[in-house]
Amino acid sequence: MTKSNGEEKSFDDILRQVFKGALEAVAKVFLKMGLTANAITLIGLLGTIAAAVLIALDKLFWGGLLLLLMAPLDAVDGTMARLSGKSSLFGAFFDSFIDRYDELFIYAGLLYWFSLRGNVVGVMLCFAAASGAVLVSYARARAEALGFEAKIGLMTRVGRSIVMIVGLLFGIIVVALVIIAILAHLTAIMRMVTVWKQAKFRDHEPN
């Protein structure tokens, strides 16, 4: 099996390492309040749905601001599970599962916003960005299921969130969607190539 020994880190991993101290401080506060990691995951989902509704109602700035407040919860829940000693396989699955809904709800809000304005280009950009996001996540999940690593690429979940939030806050959502669409699909292709290289190496390993 071609497994990483820790050398390969995603953009998300790097940011979590940089902000490890802050994440642990917030996680400890939530744990003292009696909250669980799964509860924080669900709170993040509800906040994201609220942000999507704001976006659909033409309140892009406020939707972006709410997303900015909700974004750290995506990392805090995992930190809480680790600190509490209650990490589980289902918890990890549940977190990743809800993350996909989080992201797609925002695209749904934007699709509604663009469709009300008859902006076909905006609708297609939403599709391009959303499909790229799904493929990035799928590439890693499928690769890991086969025993490979596929974390490379800049436009990971955190990267996409940062670009989306900036686009909403500064009124450049079309630019943000173009960036996400291009870099997400590029990231997915890069992951496919890296898996191909690992598979090629494994296929030629002596039995």
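The values are calculated or read from the model by the stated rules, or taken from the named source; none is laboratory data. The structure presented is a predicted model; accordingly, all values stated were derived computationally and were not measured. Every residue, glycine as well, gets a Cβ built from its backbone with ideal geometry; the counts of neighbours run over all protein chains shown. Surface accessibility is based on the protein's heavy atoms, side chains included, excluding ligands, DNA and RNA. Shrake-Rupley method; radii C 1.70, N 1.55, O 1.52, S 1.80 Å.
Among the residues of region 139-156, those identified as at pLDDT 90 or above, open to solvent by 30 Å² or more (accessible area, probe 1.4 Å) and within 24 Å of I106 (Cβ to Cβ) are R140, A141, R142.
Find all pairs meeting these conditions: Cβ atoms under 8 angstrom apart; at least six residues apart or on different chains; first residue within region 151-163 and farther than 8 Å from I180 by Cβ; second residue hydroxyl-bearing (S, T, Y) and part of a loop (DSSP other than H, G, I, E, B). Every condition considered, the pairs that remain are K151/S4; K151/S10; I152/S10; G153/S10; T156/S10. Screening I173, I180, I165, I189 for residues that are surrounded by fewer than 20 Cβ atoms within 10 Å (Cβ to Cβ), of a type in the set (V, I, T) and touching a helix residue (DSSP H, G or I) at 6+ places or on another chain (Cβ under 9 Å) leaves exactly one candidate, I189. Can you confirm whether S115 is assigned to a helix (DSSP H, G or I), open to solvent by less than 70 Å² (accessible area, probe 1.4 Å), at pLDDT 95 or above and out of contact with any helix residue (DSSP H, G or I) (no Cβ under 7 Å at 6 or more places or on another chain)? It is false that S115 is assigned to a helix (DSSP H, G or I), open to solvent by less than 70 Å² (accessible area, probe 1.4 Å), at pLDDT 95 or above and out of contact with any helix residue (DSSP H, G or I) (no Cβ under 7 Å at 6 or more places or on another chain). Considering region 118-150, and only residues there that are in a helix (DSSP H, G or I) and in contact with a Ser or Thr (Cβ under 7 Å, 6 or more places away or on another chain), the residue that is nearest to L177 (Cα to Cα) turns out to be V123.
One line per residue, one yes/no per condition, for (1) under 16 Å from M164 (Cα atoms); (2) part of a helix (DSSP H, G or I); (3) among the polar types (S, T, N, Q); (4) at pLDDT 90 or above:
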{"residue": "I49", "(1), (2), (3), (4)": "yes, yes, no, yes"}
{"residue": "A52", "(1), (2), (3), (4)": "yes, yes, no, yes"}
{"residue": "L67", "(1), (2), (3), (4)": "yes, yes, no, yes"}
{"residue": "D74", "(1), (2), (3), (4)": "yes, yes, no, no"}
{"residue": "D77", "(1), (2), (3), (4)": "no, yes, no, no"}
{"residue": "A81", "(1), (2), (3), (4)": "no, yes, no, no"}
{"residue": "F90", "(1), (2), (3), (4)": "no, yes, no, no"}
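How many residues does region 46-73 hold that are touching a residue at least 60 places away in the same chain (Cβ under 8 Å) and either of a type in the set (A, V, I, L, M, F, W, C) or farther than 14 Å from I173 by Cβ (or both)? Selection size over region 46-73: 7.
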